[in-house]
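Worksheet: the structure to be examined is printed underneath.
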Ligand SMILES: [Zn+2]
């Protein structure tokens, strides 16, 4: 859909944008009863395009006329499509309604900070999908999620950097967790813990002449650091026997 600049957001325009974004949320797997309970309101005036009442009512407010939109009249300034604002605010609502999944080492590994950390970063196009994403970790998540919805989960070439790919991967996994009704990530098992579990099984299998049981890499929630390096598990474990 071509981007049409709006100076004033009317209820009709907001409802159209809401219908589109909710369809995207549904298609991606984010939509659930908790998100459906979030109220979205059109408010008369504000400095920002919109906001979400994080850790309070959870509701979203979109401003009919905002200072941010007024600033778009300055030559060279960027215009923000209404649908991007709605996607961004819904991303905050997703974080708000899935705090157990956000307060996680998975989030920290992908974004380099805790979700509720308010320390800003130095903007870099290699690290951030937009300048606003450098504000803090919550805004970074909201901007990446906004792009995730906008591009139907396919990372566009112009955003494809190792750092952004990591953040994109988190959003994709978060989506799967929410879709399957999970409120927490599966517990991570450290290398030493996994070895403690695996070694007795391996010894028993060898005593029975069954050979080494395979480690099947099905724990998609785990990071590479907590898994055996590919191709090495048997060799490294055998050497410990
Ligand atoms: Zn925000």
Exactly one of 115, 128 is out of contact with any strand residue (DSSP E or B) (no Cβ under 8 Å at 6 or more places or on another chain) and surrounded by fewer than 22 Cβ atoms within 10 Å (Cβ to Cβ), and that one is 115
Checked segment 1-41 for anything in contact with a strand residue (DSSP E or B) (Cβ under 8 Å, 6 or more places away or on another chain), surrounded by fewer than 16 Cβ atoms within 10 Å (Cβ to Cβ) and in contact (Cβ under 8 Å) with a residue 24 or more places away in the chain; matches are 7, 8, 10, 11
Selected residue (only one of 180, 119 is within 16 Å of the ligand (Cβ to nearest atom) and either within 21 Å of residue 22 (Cα to Cα) or more than 15 Å from the chain's Cα centre (by Cα) (or both)): 119
Residue check: is residue 132 within 16 Å of the ligand (Cβ to nearest atom) and on the phi < 0 side of the Ramachandran plot? yes
Residues within segment 58-70 that are within 16 Å of the ligand (Cβ to nearest atom) and either within 21 Å of residue 178 (Cα to Cα) or exposed (fewer than 15 other Cβ atoms within 10 Å of the Cβ) (or both), tallied: 4
For segment 71-98, how many residues meet the condition of being within 16 Å of the ligand (Cβ to nearest atom), free of Cβ contacts under 8 Å to residues at least 24 places away in the same chain and assigned to a helix (DSSP H, G or I)? 0
Report, by residue number, each residue of segment 81-112 that is more than 20 Å from residue 172 (Cβ to Cβ) and buried (at least 19 other Cβ atoms within 10 Å of the Cβ). 82, 83, 85, 86, 89
Name the single residue that is nearest to residue 177 (Cα to Cα) among those in segment 135-159 being in a loop (DSSP other than H, G, I, E, B) and either within 16 Å of the ligand (Cβ to nearest atom) or in contact (Cβ under 8 Å) with a residue 24 or more places away in the chain (or both). 153
What number of residues within segment 99-116 are assigned to a helix (DSSP H, G or I) and within 15 Å of the ligand (Cβ to nearest atom)? 2
Log entry, pairs with first residue in segment 188-206 being surrounded by 11 or more Cβ atoms within 10 Å (Cβ to Cβ), second being in a helix (DSSP H, G or I) and at pLDDT 70 or above, beta carbons closer than 9 Å, six or more apart or on different chains, reads 188/105; 188/106; 189/197
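The values are calculated or read from the model by the stated rules, or taken from the named source; none is laboratory data. Please read these numbers as outputs of a predicted model, since none were measured by experiment. Please note: Cβ atoms are built from the backbone with ideal geometry, for glycine as well, and neighbour counts cover all protein chains shown.
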